[in-house]
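Here's the structure, in structure tokens; my notes come after.
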Amino acid sequence: MITFENVTKKYGDDTVAVDDVSFTVKKGNLVTLIGPSGCGKTTTMKMINKLIPVTSGTISIDGKDISRENAVELRRNIGYVIQRIGLLPHMTIEENVSLVPKLKGWKKEVYQKKVDDLLDMVGLDPSIYKKKYPLELSGGQQQRIGVIRALAGEPPIILMDEPFSALDPISREQLQDELKILQKNIHKTIVFVTHDMDEALKIADEVIIMKAGSIQQVATPKTLLEKPINDFVSSFIGEERIQQSIQNRKLHRAETIMTPWKEGREESDLPSLSQDASLQEVARVMLAQNSESLIITDNSGKPVGRLQKNQLLQELAGVETGGK
Ligand SMILES: Nc1ncnc2c1ncn2[C@@H]1O[C@H](COP(=O)(O)OP(=O)(O)O)[C@@H](O)[C@H]1O
Ligand SMILES: [Mg+2]
């Protein structure tokens, strides 16, 4: 867990790059830091591994104030990936990836196996790529190496500063997908800086939106789209994305597929759910209660419809095949 408490960073007397910022990144979460250029994202990130000292405030990792930690030691436990990855050109991929494990004194067989496993994990055949040099790889491949190099020493925390922004759109989307899958498997705590809203919403457990050194909102992608806290946030997210998410929500509500309630019908003891419930919630309740149908209610709890398992399945099948 990473905690910022009232952290401020001034460059000289005039520039307040980060202004009294407080937030927590939970263990195992992927948090994206997003905001316009110059809003303090990189500064915020570099204070976590002490590449930049704080002016005031406290940053702690798992409850320990990092100002008391040795910077070199600290960095061995924090992976770091940047845009132009800076693989060492005169070293092979294997040598690049095993730098930190070697520094940590791992045995040769152990880090060699680690390199193989990591290359496999990002779809690069170790027998082919281990002995290659960085410049023999494409941009997307080099960036994959950058990511696995940051993972090699098994650090609990990884910092990524616009790691995919120099890539073409296809490699970029691929790497985003890979990172999401990776994150599901390895449960690292990841802080990911980006200025691309689609990227931020796609990969994040939580998004932190910054403007001019201050935090505007910390929220899950879903909440951000549903409840942007102010005009800056909604305009930064963009009206189009917000409308799209409203459409998607409407499309996926219980109300849209239920059979309207018939008055005079006897009340039953079926489980009930609000008309605003998502289809996922409907499915969850049906499964949990092993029930073939549900009563759908309005906000006051009055029945407004009934929903059968079949209707749900049909709807989901339609959605899956793009029929809706
Ligand atoms: N080394 C520095 N010296 C002086 N000002 C800096 C330095 N690094 C960054 N800044 C200023 O601090 C602010 C935040 O920069 P930065 O954290 O790099 O923003 P971002 O990563 O969001 O683009 C900007 O106004 C930038 O010009
Ligand atoms: Mg930056």
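The values are calculated or read from the model by the stated rules, or taken from the named source; none is laboratory data. This structure is a prediction, so every number in the text was calculated from the model and none was measured. Positions of Cβ are generated from backbone atoms using ideal geometry, with glycine treated the same way; all protein chains shown enter the neighbour counts. Ligands, DNA and RNA are stripped out before the accessible areas are found, and what is left, the full protein with its side chains, is counted by its heavy atoms. Shrake-Rupley method; radii C 1.70, N 1.55, O 1.52, S 1.80 Å.
Could you please give the count of residues in the stretch 162-174 that are open to solvent by less than 70 Å² (accessible area, probe 1.4 Å) and either at pLDDT 85 or above or not in a helix (DSSP H, G or I) (or both)? Can you show your working first?
Quick first cut of the stretch 162-174, residues open to solvent by less than 70 Å² (accessible area, probe 1.4 Å) only: 162-167, 171-172.
Subsequent filtering for residues that are either at pLDDT 85 or above or not in a helix (DSSP H, G or I) (or both) retains 162-167, 172.
Going through the stretch 162-174 one residue at a time, the tally reaches 7.
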Task: Selection count where residues are modelled with pLDDT of 95 or more, surrounded by fewer than 16 Cβ atoms within 10 Å (Cβ to Cβ) and away from ligand 2 (no atom under 16 Å from the Cβ), scope the stretch 28-61 - done: 4
- [ ] Check whether at least one residue in the stretch 84-100 is open to solvent by 10 Å² or more (accessible area, probe 1.4 Å), touching a residue at least 24 places away in the same chain (Cβ under 8 Å) and within 15 Å of ligand 1 (Cβ to nearest atom), and report yes or no.
- [x] yes
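Wholly within the stretch 1-45, which strands (runs of 3 or more DSSP E) include no fewer than the required count, namely at least 2 residues that are touching a residue at least 12 places away in the same chain (Cβ under 8 Å) and polar (S, T, N, Q)?
The qualifying strands (runs of 3 or more DSSP E) are 2-11, 15-25.
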Open item on the list: Within the stretch 11-21, does at least one residue satisfy the condition of being more than 10 Å from ligand 1 (Cβ to nearest atom), in the same structural domain as His195 (by TED's automatic domain parsing) and at pLDDT below 95?
Closed with: yes
Open item on the list: among the hydrophobic types (A, V, I, L, M, F, W, C) and under 27 Å from Lys202 (Cβ atoms): is that true of Leu103 in this structure?
Closed with: no
- [ ] Could you tell me whether Arg75 is within 16 Å of ligand 1 (Cβ to nearest atom) and either touching an Asp or Glu at 6+ places or on another chain (Cβ under 7 Å) or not β-branched (Val, Ile, Thr) (or both)?
- [x] no
Open item on the list: Among the residues that make up the stretch 118-126, is at least one of them modelled with pLDDT of 95 or more and over 28 Å from the mean Cα position of the chain (by Cα)?
Closed with: no
TODO: Consider only pairs whose beta carbons are under 7 Å apart and that are at least six residues apart or on different chains; among these, list those whose first residue lies in the stretch 279-297 and is assigned to a loop (DSSP other than H, G, I, E, B) and whose second residue is surrounded by 11 or more Cβ atoms within 10 Å (Cβ to Cβ).
DONE: Ser291/Leu270; Ser291/Pro271; Glu292/Gln308; Glu292/Lys309
